[in-house]
Amino acid sequence: MGIQETLNLAIQRHQAGDLSGAEALYRQVLASQPNQHDALHLLGTVAYQCGKYDTAINLIRRAISMRPAEAVFYINLGLALAASGQIDAAVDADRQATELQPNNADALCHLAGNYLAVGCVPEAIDCWRRAIEARPNDASAGSNRLFAMSFDPRFDAAALLREHNLWSRRHADPLASSIRPHQNVVNANRRLRIGYLSPDLRIHVVGLNLLPLLSEHDHSQFEIFCYSAVARPDELTERLRSLADQWRDIRALSDDAAAELIRQDQIDILIDLAQHTNGNRILIFARKPAPVQVSYLGYLGTTGLSAIDYRFSDPYIDPPGAEIGCYAEETWRLPKTYWAYQPRDDAPEVTAPPAESNGFPTFGCLNHFCKMNDAVFDLWAKVLHAADRSRMLIYSDSRRHRQAISRRFASRGISPDRLEFVGRMKWSDYLRTYQRIDMVLDTFPFAGGITTCDSLWMGVPVVTYAGQIAVGRGSSSVLSNVGLADLIAATPDEYVNIAANWQKWISLRPVLRKRMQDSPLLDRQQFARDVEAAFQQMWTNWCGRQT
């Protein structure tokens with residue numbers, strides 16, 4: 001067999017998912033022709049798919065040295081670099097791909113994703129816009145753009161609803177023709193079948209927040225199905241699997257096939273746990289495989305889908321007077337909390353406020369840096385000016401992002417020596433970082449949620465600015481449920497004043513964990529009963545409409 005025939009066979013094996021067979025054949029090609037650029041590149045993609053990122057980077061770079069004008073080489077190099085944590089280099093690779101092919105939708109989508117990862121939100125949104133112009137039917141690009149818009153203060157609730165509705169009209173509404181009458185037994189008093197669908201049933205904020213609920217479901221009244229689209233299962237995946245009555249792996253199924261499976265399972269209430277976050281399968285819901293469909297946990301916003309009946313909320317995320325009309329779904333407020341917090345067994349102990357030994361306060365924010373923007377930096381700089389000799393500790397995994405943040409603070413009169421950065425770390429080290437923080441400064445318009453819970457669990461108070469959209473009120477819900485509503489600012493000036501009074505709030509450090517333990521956030525039995533009561537009423541409502 002000649003070189004080209006061997007390469008073609010390798011590609012066929014690769015496309016069929018036979019990675020080991022493809023690898024052997026690619027290596028056979030390279031043994032005869034060491035600089036065969038396609039074999040180098042494709043062997044690198046096999047290494048990437050196997051999680052061997054350094055090997056992938058080296059192989060693809062060798063291929064680029066042979067053929068420096070191949071955009072796809074740079075796209076796959078960017079994927080491997082991002083997976084290995086070299087996010088700035090990944091941005092460079094994706095930029096090179098878009099320079100070679102400005103209308104390459106794949107290159108634009110990858111660049112957008114990496115822009116979002118380094119906190120360049122407007123640039124990410126623009127790249128996804130360009131990708132959509134190049135490939136108008138790309139629902140995934142449009143979905144990612146919607147999620148990114150939630151971080152951008154340029155978009156208010158009405159604008160977000162309008163953009164979500166536009167996406168739905170283009171991608172979801174045409175699927176309405178596939179909706180069929182449901183054959184579920186119309187009986188409000190029978191055991192219900194509940195389905196949870198997500199790509200994040202793993203060590204992820206969604207998986208961790210779902211764990212307390214799945215742990216406490218009443219299986220005599222509810223049969224629990226999980227539809228997993230997890231790419232890389234982990235130990236939490238297995239734990240969640242053990243709590244379900246039925247587990248369905250739908251990762252390899254098309255949306256049509258997954259929707260048909262859900263219909264065959266006769267799910268009564270199907271819950272989307274992703275919305276427009278990465279890896280979502282929201283177009284399954286557009287096919288309406290279950291009579292009642294609910295949105296929860298992806299983020300505090302709308303899906304834009306008329307096929308999703310309800311979105312979970314609580315009295316603090318959507319208080320009286322909130323813009324309820326800015327959601328495609330009906331808002332269903334749980335009576336106390338949207339959040340169910342699951343503390344880690346290996347969480348470090350609460351320590352004394354670092355200001356006691358430092359002689360100055362250390363503010364901090366460990367939220368993802370795509371939540372940071374100029375309005376946030378304006379307020380943080382005002383806080384640092386108001387608190388004498390104070391410091392700021394910020395999570396950022398990108399060297400360029402750190403440099404940009406330093407420049408922004410410098411332009412606001414804050415010298416770089418008052419800033420400290422931390423990057424990606426193990427979970428235990430992340431929690432231990434709170435021992436170095438006196439008070440957390442929350443982000444907006446996209447506030448914290450579980451990160452706020454983590455902070456309070458470690459004894460660190462959080463000041464938040466309750467925004468005009470639901471994603472800005474996640475921390476407000478957490479703080480209200482632990483009796484700390486005084487830490488919720490209604491205006492930017494109030495935010496600064498609360499933080500400037502840091503001495504008052506750090507005195508709570510020894511009691512915050514106990515407050516968390518005694519709050520609705522950790523009462524997972526009551527939380528499960530509240531969710532189940534919501535399911536039961538939703539089902540009763542549906543049954544009532546069938547007569």
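The values are calculated or read from the model by the stated rules, or taken from the named source; none is laboratory data. All figures in this text were calculated on a predicted structure; none of them were measured in a lab. Using ideal geometry, Cβ is built from the backbone for each residue, glycine included, and neighbour counts are taken over all protein chains shown.
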**Request:** Identify, from the list Gly142, Gly85, Gly119, the residue that is buried (at least 17 other Cβ atoms within 10 Å of the Cβ) and part of a loop (DSSP other than H, G, I, E, B).
**Result:** Gly119
**Prompt:** In this structure, is Asp234 without any contact (Cβ under 8 Å) to a residue 40 or more places away in the chain, surrounded by fewer than 19 Cβ atoms within 10 Å (Cβ to Cβ) and touching a strand residue (DSSP E or B) at 6+ places or on another chain (Cβ under 7 Å)?
**Reply:** no
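Pull up region 145-162, narrow it to residues that are closer than 14 Å to Gln275 by Cα and not in a loop (DSSP other than H, G, I, E, B), then point me to the one that is farthest from the chain's Cα centre (by Cα).
As a first pass, look at region 145-162 and keep what is closer than 14 Å to Gln275 by Cα: 145-150, 160-161.
Now narrow it down to the ones that are not in a loop (DSSP other than H, G, I, E, B): 145-149, 160-161.
Values: Arg145: 13, Leu146: 13, Phe147: 9, Ala148: 10, Met149: 13, Leu160: 17, Leu161: 19 Å.
Ranking the candidates gives Leu161 first.
Collect the residues in region 199-220 that are touching an Asp or Glu at 6+ places or on another chain (Cβ under 8 Å) and under 17 Å from Gln246 (Cα atoms), keeping them in residue-number order. Write out each step before concluding.
So the first thing to find is which residues in region 199-220 are touching an Asp or Glu at 6+ places or on another chain (Cβ under 8 Å), and the list is 202-203, 206-207, 217-219.
Matches in region 199-220: Arg202, Gly207, His217, Asp218, His219.
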**Message:** Pairs needed: first member in region 482-494, over 24 Å from Met458 (Cα atoms); second member anywhere, part of a helix (DSSP H, G or I); C-beta distance under 7 Å; at least 6 residues apart or different chains.
**Reply:** Pro492/Leu379
**Message:** Given the condition assigned by TED's automatic domain parsing to the domain that holds Asp493, of a type in the set (Gly, Ala, Ser), outside any helix (DSSP H, G or I) and surrounded by fewer than 24 Cβ atoms within 10 Å (Cβ to Cβ), answer yes or no: does some residue in region 325-334 qualify?
**Reply:** no
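Mind checking which helices (runs of 4 or more DSSP H) fall wholly inside region 345-441 and carry at least 2 residues that are assigned by TED's automatic domain parsing to the domain that holds Asp493 and hydroxyl-bearing (Ser, Thr, Tyr)? Working first, answer last.
Numbers: elements: 355-358, 374-386, 399-411, 427-433.
The helices (runs of 4 or more DSSP H) meeting that bar are 399-411, 427-433.
Residues being under 27 Å from the mean Cα position of the chain (by Cα) and without any contact (Cβ under 8 Å) to a residue 40 or more places away in the chain: count how many of those fall in region 382-399.
So the first thing to find is which residues in region 382-399 are under 27 Å from the mean Cα position of the chain (by Cα), and the list is 392-399.
Okay, now just the ones that are also without any contact (Cβ under 8 Å) to a residue 40 or more places away in the chain, so 394-395.
Result for region 382-399: 2.
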**Message:** I need the full set of residues from region 251-280 which are within 21 Å of Cys109 (Cβ to Cβ) and surrounded by 20 or more Cβ atoms within 10 Å (Cβ to Cβ), in order please.
**Reply:** Ala274, Gln275, His276, Thr277, Asn280
**Message:** So in region 4-35, with the set limited to residues that are touching a Leu at 6+ places or on another chain (Cβ under 6 Å) and closer than 16 Å to Ile60 by Cα, which one is modelled with the lowest pLDDT?
**Reply:** Val29
**Request:** State whether one or more residues within region 299-317 are outside any loop (DSSP other than H, G, I, E, B) and surrounded by fewer than 19 Cβ atoms within 10 Å (Cβ to Cβ).
**Result:** no
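What about Asp346, is it over 16 Å from the mean Cα position of the chain (by Cα), farther than 19 Å from Phe527 by Cα and of a type in the set (Asp, Glu)? Walk me through how you get there before you give the answer.
On the way: over 16 Å from the mean Cα position of the chain (by Cα): yes; farther than 19 Å from Phe527 by Cα: yes; of a type in the set (Asp, Glu): yes.
Yes, satisfied.
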**Request:** Name every residue in region 1-31 that is loosely packed, with under 12 Cβ neighbours inside 10 Å and polar (S, T, N, Q), in order of residue number.
**Result:** Gln4, Gln15, Ser20
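Filter region 281-290 down to the residues that are touching a strand residue (DSSP E or B) at 6+ places or on another chain (Cβ under 8 Å) and either assigned to a loop (DSSP other than H, G, I, E, B) or at pLDDT below 95 (or both) and list them by number. Talk me through it step by step, then tell me what you get.
Kept after step one, since they are touching a strand residue (DSSP E or B) at 6+ places or on another chain (Cβ under 8 Å), are these residues of region 281-290: 281-282, 284-285, 289-290.
Listed by number, the residues that qualify are Arg281, Pro289, Ala290.
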